[in-house]
1. With 49, 38 as the choices, which residue is part of a helix (DSSP H, G or I) and free of Cβ contacts under 8 Å to residues at least 12 places away in the same chain?
2. Residues being farther than 24 Å from residue 58 by Cβ, surrounded by 12 or more Cβ atoms within 10 Å (Cβ to Cβ) and aliphatic (A, V, I, L, M): count how many of those fall in region 1-41.
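Bear in mind these aren't lab numbers, they're just calculated from the coordinates by the rules spelled out. Because the structure is a prediction, the values reported are computed rather than measured. When we count neighbours, we look across all protein chains shown, and the Cβ atoms used for this are built from the backbone with ideal geometry, even at glycine.
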Amino acid sequence: MLDFKKILVVAMTATIISGILARISATSGNNTTKYCCLTLLILVDLISLIVIGVSYFKTK
């Protein structure tokens with residue numbers, strides 16, 4: 001059986017962090033901060049996708 005609670009926690013955490021980073025990059029006037037936040041946002045999304053994918057294929 002797939003551990004839905006763990007996947008849900010990972011997805012929700014990634015969504016919250018992505019939202020915070022997107023807010024920072026949108027309100028920031030500094031280009032360096034903007035690009036750093038966008039890069040971190042992409043990394044967080046990729047990590048959450050990898051974690052969800054690994055936990056999905058482990059149960060198959």
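1. Of 49, 38, the one residue that is part of a helix (DSSP H, G or I) and free of Cβ contacts under 8 Å to residues at least 12 places away in the same chain is 49.
2. Qualifying residue count, region 1-41: 7.
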